[in-house]
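Structure record follows, encoded as structure tokens.
The values are calculated or read from the model by the stated rules, or taken from the named source; none is laboratory data. Just so we're clear, the structure is a prediction, and the values are computed from it rather than from any experiment. With ideal geometry, Cβ positions are generated from the backbone for all residues, glycine too; neighbour counts draw on all protein chains shown. Keep in mind that these areas ignore ligands, DNA and RNA; they rest on the heavy atoms of the full protein, side chains included. Shrake-Rupley method; radii C 1.70, N 1.55, O 1.52, S 1.80 Å.
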Amino acid sequence: MPPPYLAKINTSAMDEVWKVELSSSPLPFQHQSSMALERGNTLLATFWNRILRLSGDDGSILQEGQLPTPEGSEVDNVSYTHLIILSDGNVVAKSMSRRSGCQQQGPLAFAAAFLNCGSELAPNSSLVLVDATSLRVLQEVGLGSFVGARHTSTVHEGLEYVYVVLPDGRLRRYLYTRTQLWLDSSWPGASILTPGVPSANGPTAAVPVNGWLVATTNSGPSPWPLTVTAVWQNDPSIVYQMQPFKDLSPHIDDTTFVSYSATQAAVDPHTNTVFMSDMIAGQMAAYNLTASGFHHLWNFNLDFPVLMGPAGQRVLVAVNVSGIVGTPTPEAALTGAYPSQTLVFRHASNGSLVTQTAELEGIAGIVPHTPGFDGQFFYLGSQKETLVRVTYDSGTCKSEPAA
């Protein structure tokens with residue numbers, strides 16, 4: 001495979017401003033690179049066991065740091081991803097190493113290297129805390145197992161926390177004190193799995209919203225219906241759970257996939273509304289989260305939710321779907337096709353339709369759409385190294401391929 005690269009696109013002219021290869025040669029393991037924007041027109045990127053700072057003006061590499069090889073991993077099988085920037089600018093990333101002997105590569109390496117090669121055989125993941133100024137590693141925290149879910153951070157009642165969802169569904173909390181992550185042993189945590197369900201395929205990130213943490217199961221294809229869990233941060237014994245698509249995707253047997261939710265829940269902190277979706281059920285649901293639990297608002301055939309607009313006027317933008325064709329294998333679920341895909345704009349409060357695009361053309365399988373400025377959205381095109389832009393203006397949409 002060619003080396004990974006970053007590129008900057010002028011979204012007005014839809015042409016390439018710069019493109020820089022992150023490595024001079026192909027990497028031993030090319031998994032998911034990760035990127036985050038900083039103040040001052042610089043950006044950070046992680047790939048393999050490297051972290052880089054690049055100029056947003058011309059893509060030049062300003063700094064480079066090396067990330068550790070976690071215990072039990074081999075350097076040729078290491079990958080760092082899920083980069084987040086904390087409130088003081090310091091950075092946390094997570095290792096996701098494939099097991100020894102696994103040769104899977106490419107954009108779908110998550111499915112291929114970890115599902116097909118066996119995530120249960122993959123080395124344990126680590127969090128690394130990186131100093132924002134020097135890109136020096138301040139701390140490595142072993143997680144005790146392979147962790148596929150993203151970690152998240154939030155400032156709650158004046159303290160900053162990093163949350164990790166372990167493969168068995170347990171929530172773990174770390175207190176951040178500028179130079180170190182401390183395991184909060186006083187916080188008992190909670191499980192996001194449904195009692196009585198023997199297994200679920202991978203939890204998603206814990207999304208903070210007004211004192212709650214919201215997480216879902218089935219970040220990989222699962223024979224069990226999707227479970228959505230809300231945990232109160234101050235008292236994790238207060239837990240609400242539901243299975244919003246249980247009637248659409250009931251458990252059949254332990255080998256038939258009925259649920260797959262590759263995206264974490266979207267939340268509106270202004271209204272405490274939670275949006276969740278399921279690829280195989282082909283549905284998205286909106287629920288209001290209160291002190292008494294989840295309260296249903298609406299359901300539609302949607303996936304990959306994005307919220308836009310000011311508080312009180314939120315519009316939810318999502319892909320209109322009707323379920324994956326056929327029963328997917330773990331890798332096919334990431335590249336499978338819906339019968340058709342359109343981008344739909346709905347009022348977030350009640351689900352009423354604002355507008356929608358014509359059928360999306362040249363889309364690369366099942367991919368999320370990325371919001372830009374001025375009502376623009378982008379998705380990966382099926383042609384190599386292409387983007388497609390969707391423009392929303394005054395209730396109408398149009399799509400066009402990028403150069």
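A few comments on the model shown:
- Filtering 194, 154 for residues that are outside any loop (DSSP other than H, G, I, E, B) and open to solvent by 20 Å² or more (accessible area, probe 1.4 Å) leaves a single hit, 154.
- When restricted to residues that are part of a strand (DSSP E or B), farther than 17 Å from residue 380 by Cα and either at pLDDT below 90 or within 24 Å of the chain's Cα centre (by Cα) (or both), region 1-58 contains 15.
Residue by residue, here is whether (1) surrounded by 13 or more Cβ atoms within 10 Å (Cβ to Cβ); (2) of a type in the set (Gly, Ala, Ser) holds:
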site	(1), (2)
42	yes, no
47	yes, no
50	yes, no
57	no, no
60	no, yes
65	yes, yes
70	yes, no
76	yes, no
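- From the options 128, 155, 147, residue that is touching an Asp or Glu at 6+ places or on another chain (Cβ under 7 Å) and of a type in the set (A, V, I, L, M, F, W, C): 128
- Selection of region 279-291 for residues being in contact (Cβ under 8 Å) with a residue 40 or more places away in the chain, over 26 Å from residue 154 (Cα atoms) and buried (at least 22 other Cβ atoms within 10 Å of the Cβ) yields 279, 280, 281.
- Residue in region 372-389 that is within 22 Å of the chain's Cα centre (by Cα), exposed (fewer than 15 other Cβ atoms within 10 Å of the Cβ), at pLDDT 75 or above and not aromatic (Phe, Trp, Tyr) present: yes
- If the condition is being in contact with a strand residue (DSSP E or B) (Cβ under 6 Å, 6 or more places away or on another chain) and surrounded by fewer than 23 Cβ atoms within 10 Å (Cβ to Cβ), then region 234-247 contributes 238, 239, 240, 241, 242.
- Single residue of region 292-337 satisfying the filter (open to solvent by 50 Å² or more (accessible area, probe 1.4 Å), out of contact with any Phe, Trp or Tyr (no Cβ under 9 Å at 6 or more places or on another chain) and among the aliphatic types (A, V, I, L, M)) that is modelled with the highest pLDDT: 311
- Cβ-Cβ distances below 7 Å connect the following pairs, each with a first residue in region 247-276 that is acidic (Asp, Glu), a second residue that is open to solvent by less than 60 Å² (accessible area, probe 1.4 Å), and a separation of six or more residues or different chains: 253/223; 254/223; 268/307; 268/314; 268/348.
- Scanning region 251-262 for residues that are within 17 Å of residue 215 (Cβ to Cβ) and assigned to a loop (DSSP other than H, G, I, E, B) returns 260, 261, 262.
- Pairs, first within 23 Å of residue 260 (Cβ to Cβ) in region 201-213, second among the aromatic types (Phe, Trp, Tyr) and modelled with pLDDT under 95, C-beta under 9 Å, six or more apart: 201/224; 201/257; 201/260
- Selection from region 263-318 of residues that are in a loop (DSSP other than H, G, I, E, B), on the phi > 0 side of the Ramachandran plot and over 19 Å from the mean Cα position of the chain (by Cα): 272, 309, 312
- Residue in region 206-214 that is farther than 30 Å from residue 140 by Cα and of a type in the set (Gly, Ala, Ser) present: no
- Qualifying residue in region 216-233 (condition: surrounded by fewer than 19 Cβ atoms within 10 Å (Cβ to Cβ) and part of a loop (DSSP other than H, G, I, E, B)): no
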